[in-house]
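Laboratory data are not the source of any read-out in this text; all were calculated from the coordinates shown. Keep in mind the model is a prediction, meaning the values are calculated, not measured. No Cβ is skipped: glycine too gets one built from the backbone with ideal geometry, and neighbour counts run over all protein chains shown.
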Amino acid sequence: MQRIFKNCSIVRNRRLFSLLAARVQDSSCHEDIDEQIIDLYFEEWAIMFTDLSGFTQISSDHGILDFLHIIYKSLTIFKEPIEKYNGICIKMDGDSLIIIFKHLQKAVECAKEMILTTHRYNKDKKDDDRIGLAVGIGYGKILKIGDYDIFGEEVNNTSRLGEDTAKEDEILFTDAAKKILTNI
């Protein structure tokens, strides 16, 4: 079975995979296994989902090579702010980045700098070469599997904000992130 799912992030973590397998095999021990999984893998993190604004239209109009060009360029220009604020880029999904931070304020500062970076990059670019950024930020307990995958309700909430709701140059916050930011 592991061979079938060898690239799946859950399978790459043998301990988690064995706990999930035990949970599937014996429904009477769900609570004990859930407690172990929560203890081993749940951590509080700030989550950032980014989305390149207008990207779907550009790639539709110009094709896969322009798609790859813009993706590569965005990774190049965002690398510095992500590292500066100690972000961990968990994964790239199409034109979206999923980045986590131990501190919510660092996620906010990183998002601001990433947007400013797009403004500097876009200064002399034609419309089709511009990079626009929309950002969603959340904070809370997530199931973190190494530095290569995350799961949880706050991850889902943040994803919806960054990928579906935020417009270019917007940084939107989940309710959980807003609560913490009002106390800072």
From the phi of every residue in the range 154-170, what ³J(HN,Hα) in whole Hz does the Karplus formula 6.51 cos²θ - 1.76 cosθ + 1.60 yield, where θ is phi - 60° and glycine or proline is x?
5, 4, 5, 4, 5, 4, 4, 5, x, 8, 10, 9, 5, 9, 3, 6, 9
Exposed trypsin sites (Lys or Arg not before Pro) absent: longest stretch of the chain, with sites in DSSP loops and at most 14 other Cβ within 10 Å deemed exposed:
7-101
Return, ordered by residue number, the residues of the range 80-121 whose backbone nitrogen is under 20 Å from a label point located 7 Å along Cα→Cβ of His69.
94-96, 118-121
